[in-house]
Amino acid sequence: GENVEQHPSTLSVQEGDSAVIKCTYSDSASNYFPWYKQELGKRPQLIIDIRSNVGEKKDQRIAVTLNKTAKHFSLHITETQPEDSAVYFCAASLISGSARQLTFGSGTQLTVLP
Amino acid sequence: GAVVSQHPSRVICKSGTSVKIECRSLDFQATTMFWYRQFPKQSLMLMATSNEGSKATYEQGVEKDKFLINHASLTLSTLTVTSAHPEDSSFYICSALNPGRGEQYFGPGTRLTVT
């Protein structure tokens, strides 16, 4: 099955700096890669996703890049703000048919220092 | 994004009792829902895939007789933790797959504490 590794497990940045979180996956058939933000005690919120037919996607301060050959994808947050502090999870899935199981990375605790 | 509700948000029960958790997709029909368990400071671990009108598919190591899943309609899936033990205490989160878009949307989670 799919295996997703995520690094780093914790990340502290100064407000205004950029943050980068990286993930690798093992199943070359995976074609959908979402990123979730989870605040303490709350549900994971989808913040951005990318499909394997594109290499990069951007939404305001958040961008995701995908390298299919190397089987890794990254989340980039620019101009970080204290409210970006949360746990971020990457995931990988194969969109095929009706059941699309997500395999999650282990999470990154991002702390943005004011 | 789509709305998924989960009830109850918090439950405390005694060892040996059963607890039912409901997951509803409020604005789309979800033929597939997923149930996850999350321990403190850990990632989401998939427990089972719930398919409307058919039996759930359980992940390796998850006891199907202990974690009963029913997906009776396109908007409702339930997880019943039977004969709960303290080690079942965890954060249980469901998600619903929006077939039209392919994304999964998560419920707010249920904090289960077994005393």
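Bear in mind these aren't lab numbers, they're just calculated from the coordinates by the rules spelled out. Predicted model only: the values in this text are computed from it and were never measured. Note that each Cβ is placed from the backbone with ideal geometry, even for glycine, and that neighbours are counted across all protein chains shown.
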- State the extension gain, in nm to one decimal, for the chain segment bounded by B:Q29 and B:I12, taking 0.36 nm per residue of separation less the distance between their alpha-carbons. 3.1 nm
- Added length on full extension, which subtracts the Cα-Cα distance from 0.36 nm per residue, B:K66 to B:S89: 6.9 nm
- For a label point 7 Å along the Cα-to-beta-carbon line of A:Q14, residues of the range A:52-90 with backbone N under 13 Å: A:80
- State which entries of A:K42/B:K64; A:K71/B:K55; B:K41/B:K64; A:K57/B:K64; A:K68/B:K55; B:K20/B:K55 exceed 29 angstrom in Cα-Cα distance in the structure shown. A:K71/B:K55; A:K57/B:K64; A:K68/B:K55
- Per residue of A:28-37, count partner chain C-beta atoms within 10 Å of its C-beta, then hand back the mean as an integer. 1
- Note on the structure: All alpha-carbon distances of the range A:41-85, grouped into 5 Å bins from 0, give the whole-percent distribution 5, 18, 27, 20, 16, 9, 4, 0
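Mind pulling the per residue volume of the convex hull built on the Cα atoms of the protein assembly as shown? Å³ is fine. Mind showing how you got there, number by number?
Details: hull volume 27.2 nm³, N = 229.
Dividing the Cα hull volume of the protein assembly as shown by its residues yields 119 Å³.
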- chain A: relative contact order as a whole-number percent, Cα under 8 Å and 6+ apart: 37
- Can you give me the three principal axis dimensions of chain A from its C-alpha atoms, in Å, biggest first? 44, 29, 21
- Among all the aspartates and glutamates, which ones have a C-alpha under 17 Å from A:K37's C-alpha, if same-chain residues fewer than 8 places away are not counted? A:E5, A:D49, A:D59, A:E79, A:E83, A:D84, B:E103
- At q = 0.14, 0.27 1/Å the base-10 log of I(q)/I(0) from the Debye formula over the alpha-carbon atoms of the range B:37-115 is -0.48, -1.58
- Task: For the range A:67-83 and the range B:58-115, write down the distance between their C-alpha centroids in whole Å.
- Result: 30
